[in-house]
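Scroll down for the structure; my scribbles are underneath it.
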Amino acid sequence: MIQNCLNEIYACMGIEKEVSAYGHGILQKLEPRFREIDEIAEYNQLKVIKAMQESQVSEACLLGTTGYGYNDLGRDKLEEVYAGIFRTEDALVRPQITCGTHALALALMSNLRPGDELLSPVGKPYDTLEEVIGIRPSRGSLAEYGITYRQVDLLSDGSFDYEGIRQALNERTRLVTIQRSKGYQTRPTLSVSRIGELISFVKSIQPDVICMVDNCYGEFVETREPAEVGADMVVGSLIKNPGGGLAPIGGYIAGTRDCVANAAFRLTSPGLGREVGASLGVLKDFYQGLFLAPTVTAAALKGAVFAANLYEPLGFSVVPDSQESRHDIIQAVTFGNADSVIAFCQGIQASAPVDSHVIPEPWDMPGYDAKVIMAAGAFVSGSSIELSADGPIKPPYAVYFQGGLTWQHAKFGILKSLQSLVNKGLVGKDRLKL
Ligand SMILES: *Cc1c(COP(=O)(O)O)cnc(C)c1O
């Protein structure tokens, strides 16, 4: 009975029976994977509730302040809750931190001083950090303040270049930045356990160096977070995993008391620090989004696993592949031609709750050397915990996609992307055989 209803509504939403049958056949094999994802979500859900209970979050915490924001109970409690979840001494969680890049820039600029050196032992950091660091010359970069940068790339098999890292560490090295997610690169994402090995190695040589983890897209994917394996600072965006799709803005820095204090005095002003910064009306969404974040992250992960398993048998290369364990929510699919990248993104867009009638096209974007097509029909502009995709129109013609506030939406979006490829004759229906 319900099966008939489902078939009917998929058909009426433009998914042909061949596409639907192929997708549902793939899904049957994924039950054990999904069970594991649900168990991690269950653990993390309880972790979040426990932290909220221990901090005695109350109804009054959901209200905000205005003006200077002195004595903002809800803001201060939320920071305590984040510290509980990320297992750190302290945390700064603010709507005044405008995005992930800002959170990372703030963490770096507040904890480095002129003459210090920053080291990335995991290769090139996320694109936007190139300008923060000054890898690409930029106004206000760390380089302008006399902070130098060194980088050690991963070895060709994806492992750490321990010898190179040993040589790069020196008496000026003050901070080591470790990006958990591959972002838009092809290297593997780092598991929390691998991050732990790297931090132990760095600290065995220089115990006092600050180890920072760019945690974007990684929160709640595993049961542990990077501070549990020695990170001094863990940094991310609230319009990705930890905002649960409800946070309309914001970033967080969780870490040692010293690191967080430095960040607070830089975010507002020396002398003022964390005491100012009104939360306005966002606290309820910050709390409720954090509460939902473990299950929202699980929904996004299921979507990523489904997509890998759907596209891999059709002959497209997928990173991570259909079997690999997951450490972030990003999925890459390489199509090898521009038309397929465009069709995929148009399919994702057509599945959205907002702006589904809009047809995305490739366009020139600042900071990119090729046209880029982006699909996003989001409640929060630019939110990438919501189902979204983007693809640079250049070889190898890959799309990167992530998110989905519910598994059901992620699944529909992925079926719609395949349908879009079928509609344009880019995937033949005869290939949709299990
Ligand atoms: C998204 C992301 C950032 C930057 O966050 P924005 O909110 O886009 O500024 C930094 N690092 C990684 C790994 C990311 O995924």
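The values are calculated or read from the model by the stated rules, or taken from the named source; none is laboratory data. Everything quoted here is computed from the prediction, not taken from an experiment. Cβ sites come from the backbone with ideal geometry, for glycine too, and all protein chains shown count toward neighbours.
Rundown of residues vs (1) surrounded by fewer than 19 Cβ atoms within 10 Å (Cβ to Cβ); (2) within 14 Å of Val176 (Cβ to Cβ); (3) charged (D, E, K, R), yes/no style:
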residue: Ile97; (1), (2), (3): no, no, no
residue: Gly100; (1), (2), (3): no, no, no
residue: Ala105; (1), (2), (3): no, no, no
residue: Asn111; (1), (2), (3): no, yes, no
residue: Ser120; (1), (2), (3): no, yes, no
residue: Gly123; (1), (2), (3): yes, yes, no
residue: Ile133; (1), (2), (3): no, yes, no
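Of all residues in the stretch 94-133, which are among the hydroxyl-bearing types (Ser, Thr, Tyr) and under 26 Å from Met365 (Cα atoms)? Listed by number, the residues that qualify are Thr98, Thr101, Tyr126, Thr128.
Yes/no per residue for (1) modelled with pLDDT under 95; (2) touching a His at 6+ places or on another chain (Cβ under 8 Å); (3) within 16 Å of the ligand (Cβ to nearest atom); (4) assigned to a loop (DSSP other than H, G, I, E, B):
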site: Gly74; (1), (2), (3), (4): no, no, no, no
site: Leu106; (1), (2), (3), (4): no, no, yes, no
site: Leu119; (1), (2), (3), (4): no, no, no, no
site: Gly140; (1), (2), (3), (4): no, no, yes, yes
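Taking the conditions (1) out of contact with any His (no Cβ under 9 Å at 6 or more places or on another chain); (2) surrounded by fewer than 24 Cβ atoms within 10 Å (Cβ to Cβ) in turn, Gln331 satisfies each one other than (2).
Every residue, every condition in (1) in contact with a Gly (Cβ under 7 Å, 6 or more places away or on another chain); (2) outside any loop (DSSP other than H, G, I, E, B); (3) within 16 Å of the ligand (Cβ to nearest atom), yes or no:
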position: Gly183; (1), (2), (3): no, no, yes
position: Ser200; (1), (2), (3): yes, yes, no
position: Val234; (1), (2), (3): yes, yes, yes
position: Tyr252; (1), (2), (3): yes, yes, yes
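The number of residues in the stretch 211-232 that are within 15 Å of the ligand (Cβ to nearest atom) and either at pLDDT below 95 or on the phi > 0 side of the Ramachandran plot (or both) comes to 2. Of all residue pairs spaced 6 or more apart or on separate chains, those with beta-carbon atoms under 6 Å, a first member in the stretch 9-33 that is assigned to a helix (DSSP H, G or I) and a second member that is surrounded by fewer than 16 Cβ atoms within 10 Å (Cβ to Cβ) are Glu18/Lys429; Gly25/Leu434. Pairing residues of the stretch 335-349 that are under 16 Å from Val19 (Cα atoms) with residues that are among the polar types (S, T, N, Q), at Cβ distances under 6 Å and at least 6 apart in sequence or on separate chains, gives Ala343/Ser420; Phe344/Ser417; Gly347/Ser417; Gly347/Ser420; Ile348/Ser417. Residue-level check: of (1) in contact with a strand residue (DSSP E or B) (Cβ under 8 Å, 6 or more places away or on another chain); (2) not in a strand (DSSP E or B); (3) not basic (Lys, Arg), Val57 misses just (1). Kindly check whether there is at least one residue in the stretch 155-170 that is crowded, with 24+ Cβ neighbours inside 10 Å and modelled with pLDDT of 95 or more. No, the stretch 155-170 contains no residue that is crowded, with 24+ Cβ neighbours inside 10 Å and modelled with pLDDT of 95 or more. Filtering the stretch 374-387 to residues that are crowded, with 23+ Cβ neighbours inside 10 Å and in contact with a helix residue (DSSP H, G or I) (Cβ under 7 Å, 6 or more places away or on another chain) leaves Ala375, Ile385, Leu387. Filtering Ala261, Ala299, Ala247, Ala278 for residues that are more than 16 Å from the ligand (Cβ to nearest atom), in a loop (DSSP other than H, G, I, E, B) and either surrounded by fewer than 18 Cβ atoms within 10 Å (Cβ to Cβ) or at negative phi (or both) leaves a single hit, Ala278.
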